[in-house]
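Working notes, structure below.
The values are calculated or read from the model by the stated rules, or taken from the named source; none is laboratory data. Treat the numbers as computed from the prediction; the structure is a model and nothing was measured. Neighbour counts are summed over all protein chains in view; Cβ atoms, including those assigned to glycine, are modelled from backbone coordinates with ideal geometry. Remember, those area values only see protein heavy atoms, side chains included, never the ligands or the DNA or RNA. Shrake-Rupley method; radii C 1.70, N 1.55, O 1.52, S 1.80 Å.
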Amino acid sequence: MTTDTPSTYSVVISYDFGTTYSGAAYALIHNAATEVYDIQKWPNKGGNFYPKVPSLSVYHKSDPHTLSKWGFAARKVLSNPQTAKENIILSNFKLNLDETLHRGLAENGKSNVSNIADYLKALHTYSLEELKRGFAKNYPETSFCYCLTVPAIWSDYAKQSMRRAAIQAGIIHPSDPEHRLVLISEPEAAALYCERMCDMVNLKENDKIMVCDAGGGTVDLIAFEVINGNTQSGNRLKEIAKGMGKSCGSVFLDINFRALVRAKLGDQFDSLPVSTINSIMDQFIDTIKPEFDGIDDHYLLLPAAVKLDEICEEDVCLDEGALTLKAAELEQKVFQPVIQKILELLEEQYNSIPNRQVSTLFVVGGFGSSHYLLQKIKDSFENRINQILCPPRAALAVVRGAAYFGLNPKIITSRISRRTYGINAGLPFDEGRDPIESRVVRPDGTVRCTSRFLEFVKKGDAIPIDHCIREEMIVYYDTVKTTDIILYSTVNDKTPRYYDEPGVVKVAALSVPIPYMPTVGYGTRLIYKNVLWVDRDQYGS
């Protein structure tokens, strides 16, 4: 199976559904110039165009299962005290698909997949309207194919949930070819955007690059080697180390800041109107967070609902009703806990690269545009990495890189598996090791252990694109009507002996019927081949 973009498609559209902001881009597949265009005009956005739209959804409390507003329109609801009371406002709900965070269902009671599908449907519908106002009006929607980005740290189940959400959103139809919608990991997409800059930063064949994609929810890292110095080559990059990531994006700064303000305001914080808290948080998100440099103090304008005389001394409050936030306190309580996790992650990724030779580190993503984060990374790595850069339009690196992937899916020649994959298998029984309840005697007299894990791909293996793994399996005729093949994975470093060990999770299952064979006797040993394609829609797993 291959996920090459078929010649029948004329336009590739990429969607980056982010924790805090989302974006869309598109390109003509058969255009020699391979120009990628961003959607910059979003509904209900006043003033200048902005290439991203807030990942916010609003549901009225009287009808919590129907999306009423999204994006900038949803943000306006946040600022209105009355409408804020009447509605359920979902933010950061992408994180609900990360099982490690244990966030549960959203406030409106809908499934996480359904809430994401609602948002994606609105994003998709508007994006198509924008495309049809321009050159894409000449092409039918059936000629569009799609790239959707996902965090690299997500489990296979979470990634598959995103595909289900895209289908539920109507981006593609369930009967469409699977390759009409491909998933790509966010750091890989960001790397493809940075790869376009190789000439600008003088990258040559055999140079190694690292990409740090710091977004709203996750920070993902990836490392590649340039295997072809010709920038016009279709095969340019190979992954050289297992990518790493962690949920330590900029929303965790928001959480820390909220805790800091709660501590300063005391008991009255919890009784403040939702709109007042949103106003306080907007000041941090729009001004303090992007401008923080670790040197200058910041001032938080407190709404009239806050009783200043109950919370502060003269040295922390100004007459104008602003709360002084010392740079040292913001650094210690808000920024440093998150930045430190990113630096530790970068250190681990750097140490995993062969010979620790890195020519360039690209820092991208919305959080990656932070001057404070970039400076902290430079302080830690500038003596070991030649170039540490935040490229132009860093916040768009993922969505634009995803479009580039749609134009040239073969640009990456191999990936490093982040997990070990295998299937359930009846392997020879070891009397000294295997549990007696898994012992089975086959019709041919062989003794098997039925709970064994048969490894197909090992964590850390370099997997070429469209790699095919074949394994001969055995079934005994008429002893079963079907044979169940179950694919398992684990992030553990050690290959499991059994598929039911801790840390081993089921990825997929297939039930294969045994055909009727009138000339074959009971218990006859039949050999069949199990084929696993590890293709580019495995998004770097």
- Query: When the C-alpha atoms of the range 336-472 are aligned to their principal axes, what extent does each axis show, in angstrom, from largest down?
  - Reply: 68, 38, 27
- Query: For the range 1-139, with every protein chain kept in place, what is the accessible area per residue (1.4 Å probe, Å²)?
  - Reply: 45 Å²
- Please give, to one decimal in nm, the separation of the simple spin-label points placed at D176 and N206, each 7 Å out from Cα toward the Cβ. 4.4 nm
- Query: Which one of S438, L389, C468 has its Cα pushed farthest toward the positive end of the charge dipole of the range 373-473, where Lys and Arg give +1 and Asp and Glu give -1 at the Cβ?
  - Reply: L389
- A259 to I353: extension gain in nm, 0.36 nm per residue of separation minus the Cα-Cα distance? 30.1 nm
- What are the aspartates and glutamates whose alpha-carbon lies under 18 Å from the alpha-carbon of K494, with same-chain residues fewer than 8 places away excluded? D434, E455, D461
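Might you tell me the accessible area per residue for the range 167-283, computed with a 1.4 Å probe and given in Å²?
On the way: 4130 Å² over 117 residues.
Spelled out: the 1.4 Å probe surface of the range 167-283, per residue, equals 35 Å².
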- Message: Starting from a Cα-only point model with no solvent, please compute log10 I(q)/I(0) by Debye for the range 386-541 at q = 0.13, 0.14, 0.18, 0.19 1/Å.
- Response: -0.76, -0.84, -1.16, -1.24
- Query: Once Lys and Arg get +1 and Asp and Glu get -1 on their Cβ, which of G245, A165, L302 lies farthest toward the positive end of the dipole of the chain?
  - Reply: A165
- Query: Taking the Cα centre of the range 360-519 as origin and charging only Cβ (+1 Lys, Arg; -1 Asp, Glu), how large is the dipole, in debye to the nearest 20?
  - Reply: 780 debye
- Pairs over 24 Å Cα to Cα, from K238/K458; K159/K410; K121/K506; K69/K341, come to K121/K506; K69/K341
- Task: For the chain, build the charge dipole from Cβ charges (+1 Lys, Arg; -1 Asp, Glu) around the Cα centre, then report which of P177, V512, T287 sits farthest towards its positive end.
- Result: V512
- Shape descriptors of the range 43-133 over alpha-carbon atoms, Rg and Dmax in angstrom, are 13.7, 42
- Task: Please give the helix 156-168 orientation as an angle from the longest Cα principal axis of the chain, in degrees from 0 to 90, rounded to the nearest 10.
- Result: 70 degrees
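As an exercise, use a Förster radius of 30 Å and the Cβ-Cβ distance of R393 and T287 to find the FRET efficiency, rounded to the nearest 0.05. Mind showing how you got there, number by number?
Numbers: r = 21 Å, r/R0 = 0.71.
After rounding to 0.05, the efficiency reads 0.90.
With +1 on each Lys and Arg Cβ and -1 on each Asp and Glu Cβ, and nothing else charged, work out how big the dipole of the range 69-228 is about its Cα centre, in Debye to the nearest 20. Show your work: numbers first, answer last.
On the way: 18 positive and 20 negative charges, 162 e Å.
So the dipole magnitude of the range 69-228 works out to roughly 780 debye.
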- For the range 124-247, go through all pairs of different Cα atoms, get the mean of 1/r, take its inverse, and jot down that Kirkwood value in Å. 16.6 Å
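Could you tell me what percent of the DSSP beta bridges with both partners in the chain are antiparallel, to the nearest 5? Don't skip to the end; give the middle numbers.
Working: 73 of 93 bridges.
Roughly 80 percent of the DSSP beta bridges within the chain come out antiparallel.
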- Message: At 0.36 nm per residue, and after removing the present C-alpha to C-alpha distance, how many nm does the segment from R525 to S143 gain when stretched out fully?
- Response: 132.7 nm
- Length added when fully stretched, D379-S271, from 0.36 nm per residue minus Cα-Cα: 34.7 nm
- Item | Residues in the range 478-507 that a label on V441 would reach, taking backbone N under 20 Å of a point 7 Å out along Cα→Cβ | 478-480
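How big is the C-alpha Rg of the range 82-154 next to the rule-of-thumb value 2.2 N^0.38 Å, as a ratio? Intermediate values should be presented prior to the final figure.
On the way: Rg = 16.3 Å, N = 73, 2.2 N^0.38 = 11.2 Å.
Relative to the rule-of-thumb radius for its length, the range 82-154 sits at 1.45.
In whole percent, how big is the carbon plus sulfur part of the accessible area of the chain, probe 1.4 Å, protein atoms only?
Values: 12070 of 24320 Å².
Exposed carbon and sulfur together represent 50 percent of the surface.
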- Query: If you bin the C-alpha pair distances of the chain every 10 Å from 0, what whole percents do you get?
  - Reply: 3, 16, 24, 24, 17, 10, 4, 1, 0, 0
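Using unit Cβ charges (K, R positive; D, E negative) and no other charged atoms, how large, in debye to the nearest 20, is the dipole of the chain about its Cα centre?
About 1500 debye.
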- Message: Under 13 Å between alpha carbons, and skipping anything fewer than 8 positions from K459 in its own chain: which aspartates and glutamates qualify?
- Response: D493
- Cα-based helix-to-principal-axis angle, 251-265 vs the chain, degrees rounded to 10: 40 degrees
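Any idea of the accessible area per residue across the range 412-541, 1.4 Å probe, to the nearest Å²?
Details: 7010 Å² over 130 residues.
I get 54 Å² per residue for this part.
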- For the chain, the longest principal axis of the Cα atoms and the Cα long axis of helix 186-195 enclose an angle in degrees, to the nearest 10, of 80 degrees
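List the longest stretch of the chain that has no exposed loop site; here a site is one of the GluC sites (Glu not before Pro) assigned by DSSP to anything other than H, G, I, E or B, with at most 14 other Cβ within 10 Å.
On the way: sites that count: E35, E107, E205, E313, E314, E320, E382, E431.
Value returned for the longest uninterrupted segment is 432-541.
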- Message: Students often forget the sequence filter, so: which aspartates and glutamates lie under 12 Å Cα-Cα from K333 once same-chain residues fewer than 8 apart are removed?
- Response: D254
